[in-house]
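To keep things clear, I will list the structure first and then write my remarks on it.
The values are calculated or read from the model by the stated rules, or taken from the named source; none is laboratory data. Quick caveat: nothing in here was measured; it's all calculated off a predicted structure. Ideal geometry is used to build each Cβ from the backbone, glycine not excepted, and the neighbour counts take in all protein chains shown. Just so you know, the surface numbers come from the protein's heavy atoms only, side chains and all, with ligands and any DNA or RNA stripped out. Shrake-Rupley method; radii C 1.70, N 1.55, O 1.52, S 1.80 Å.
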Amino acid sequence: MSAVFASLAPIQPFVLRYRLHWFAALFFLVLAAVALLAVPLAFRSLIDAGFSAADLNARFLILLGLALTLGTATGLRFYWMAWLGERITADLRKAVYANVLAQPPYFFETLKTGGLLSRLTADTSLVQTLVGTSVSMALRSSLLLLGALTMMVITSPRLALALIGLLLVVVLPLWATGRRVRRLSRDSQDRLADSAARAGERLAAMPLVQAYQREDYEAQAYATEVDRALGAALRRNRLRSSLTALAIVLSFSVIVFTLWMGAHAVVEGRTSTGELAQFVFYAALVAGSMGALSEVFGDLQRAAGAAERLGELLPGSPQMHPLPLSATVSRQAPQAMPQSLEASGDAQAQHQPLPRVVAALQAVHFAYPSSPKHAVLRGVDLEVHAGETVALVGPSGAGKSTVIQLLLGLYACDTGKVCLGDDDAHADAQRCRARMAWVPQEPVLFSGTAFDNIRYGLLSASEAQVYAAARMAHADSFIRALPQGYQSELGERGIRLSGGQRQRLALARAILRNPDLLLLDEATSALDAESEALVQDTLDHWLPGRSSLVIAHRLATVRKAHRILVLDQGRVVESGDHASLLAQDGLYARLARLQFQA
């Protein structure tokens with residue numbers, strides 16, 4: 001039993017924060033139990049006094065009063081326990097989700113989204129059942145069991161002691177099988193999470209599944225996962241069913257044997273009929289309480305397994321490593337908002353002069369935590385000055401995108417320093433991110449409207465600013481052509497848009513943010529030639545006076561960059577503008593000849 005309560009320890013802080021509500025629930029629980037325990041006393045009085053007694057009406061009024069008290073107290077107890085179950089479950093879900101969002105990138109390298117969702121739904125539902133129903137039933141049954149046993153001792157010590165001694169035998173199977181039930185419950189939840197993770201991953205890649213005609217294969221694979229989860233659940237249920245049946249059979253057998261002894265006592269004149277009736281009522285309460293506790297014990301084991309899994313995603317768990325973020329800061333835009341994005345009534349940031357060096361990497365060495373022996377960056381030095389556009393080019397795997405991830409504070413460099421102005425990019429990640437906007441190679445859109453996806457870059461933006469940013473990214477025309485214009489639902493991951501449209505929407509989001517430093521990672525790779533020319537023209541007009549770091553494989557898009565850094569195998573091997581790099585006749589010139597000749 002101690003192991004079960006140790007497994008429930010992660011949810012203890014969430015339970016204890018509502019002490020007053022627990023007090024209310026326990027008060028009504030005790031009141032209902034006392035009313036129920038008083039009912040056998042009233043019946044004994046009726047039986048022993050006889051139905052012809054002068055105070056018959058008063059005795060029935062007492063029974064009616066007990067019934068009213070029992071019903072009212074039970075209803076209020078149920079309400080407060082259900083409230084606690086819902087409230088604690090909501091707090092758990094919010095805490096788990098918020099803590100997962102604070103994890104470093106390498107945590108998500110192995111995270112299965114479906115498994116996480118299973119914990120947020122199935123596991124928390126088990127905790128809700130425990131708090132809202134099982135705990136109430138366990139407390140009620142325990143109180144009734146103790147109260148009934150006490151009253152049985154008072155009514156007939158001889159019969160009560162015989163019953164208690166025999167009931168102790170019934171408890172042994174509960175202790176013997178409890179650990180196995182908990183282990184099977186944990187296994188069942190893990191299997192269910194695996195099946196949810198596989199389904200979520202495949203549904204997110206349906207075009208690929210259908211393109212390779214793997215519908216039947218995936219359906220069979222999912223069926224296998226579901227059958228494994230079913231098998232684990234059936235093993236758990238078989239054990240719980242056997243446990244419940246054994247407890248009920250033994251409990252009632254003991255009670256029947258004890259009542260047989262009581263019946264002989266009545267026949268022999270050693271006890272009254274009323275006393276035996278009272279004893280029978282209390283024996284029934286004991287039997288019902290024992291059966292309820294056996295059911296609750298199984299729920300407790302399942303909830304313990306769920307609480308263990310949730311505890312792995314809560315703050316303080318050894319598996320969780322939150323990013324060392326500074327206090328959250330509101331996004332400030334030191335530069336002046338482009339005139340086309342300004343709107344009256346919108347709170348503008350306090351403008352501050354930019355430092356001469358907006359971003360810098362100093363002798364940075366870095367290897368991803370998942371591959372610590374494989375260095376991605378090896379002594380990289382990089383500076384982006386105020387108002388300067390710096391381009392990173394080079395072969396795949398050279399470390400270009402890693403530079404952006406370090407600037408965003410998603411990873412900490414192994415040696416060296418990464419900073420944005422005077423702030424450390426990792427230690428002051430929130431402050432630094434508030435001054436940047438990132439357009440990834442694979443633009444990320446959320447289910448929702450086009451308007452909401454653009455305003456994700458600056459939640460305080462007005463409608464006029466959102467529309468202006470879309471026009472600057474050449475997204476306004478195709479957005480207005482959608483069925484509901486800016487209020488059109490884009491589908492999960494923006495699936496209703498083409499790759500080029502998603503990129504322009506992501507660029508509009510970055511423009512709206514009005515950053516000190518714009519990070520473009522192949523931000524125009526999915527655009528056709530005409531759209532790319534339009535977007536490039538927009539950037540040429542918008543970027544002057546702003547700082548940007550651009551990653552590009554198509555060298556034509558970075559010809560006008562102030563400086564171009566060529567990365568190869570994690571090192572900066574060349575630096576200069578387009579013309580000077582061509583003159584050096586190195587790696588850049590070789591890449592340029594291959595592309596421009598093609």
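Filtered by the rule that a residue be free of Cβ contacts under 8 Å to residues at least 40 places away in the same chain and closer than 13 Å to Gly448 by Cβ, region 483-509 gives Gln484, Tyr486, Gln487, Ser488, Ile495, Arg496. Under the condition of being open to solvent by less than 40 Å² (accessible area, probe 1.4 Å) and free of Cβ contacts under 8 Å to residues at least 60 places away in the same chain, the residues counted in region 256-275 number 0. From the list Arg480, Arg509, Arg513, Arg496, the one residue that fits, being modelled with pLDDT of 85 or more and open to solvent by 60 Å² or more (accessible area, probe 1.4 Å), is Arg480. Residues of region 42-54 include none that is at pLDDT 90 or above and either surrounded by fewer than 16 Cβ atoms within 10 Å (Cβ to Cβ) or aromatic (Phe, Trp, Tyr) (or both). In the condition set (1) modelled with pLDDT under 75; (2) surrounded by fewer than 18 Cβ atoms within 10 Å (Cβ to Cβ); (3) within 21 Å of Ser188 (Cβ to Cβ), Ser125 is compliant with all but (1).
Reported count of residues in region 3-41, each being closer than 22 Å to Tyr282 by Cβ, open to solvent by 40 Å² or more (accessible area, probe 1.4 Å) and modelled with pLDDT under 85, is 1. Within region 92-116, being modelled with pLDDT of 75 or more and open to solvent by 90 Å² or more (accessible area, probe 1.4 Å) holds for Lys94, Tyr97, Leu101. Phe451 fulfils the conditions (1) in contact with a strand residue (DSSP E or B) (Cβ under 6 Å, 6 or more places away or on another chain); (2) surrounded by fewer than 21 Cβ atoms within 10 Å (Cβ to Cβ); (3) not in a loop (DSSP other than H, G, I, E, B) except for a single criterion, (1).
Can you give me the ranges of the strands (runs of 3 or more DSSP E) entirely in region 375-445 with at least 3 residues that are surrounded by fewer than 22 Cβ atoms within 10 Å (Cβ to Cβ) and over 34 Å from the mean Cα position of the chain (by Cα)?
On the way: elements: 375-385, 389-393, 415-420, 436-439.
Qualifying strands (runs of 3 or more DSSP E): 375-385.
Is it the case that Asp227 is modelled with pLDDT of 80 or more and at negative phi? Yes: the conditions hold for Asp227. Residue count for region 535-562 satisfying the condition of being over 30 Å from Arg590 (Cβ atoms) and either open to solvent by 50 Å² or more (accessible area, probe 1.4 Å) or modelled with pLDDT under 75 (or both): 5.
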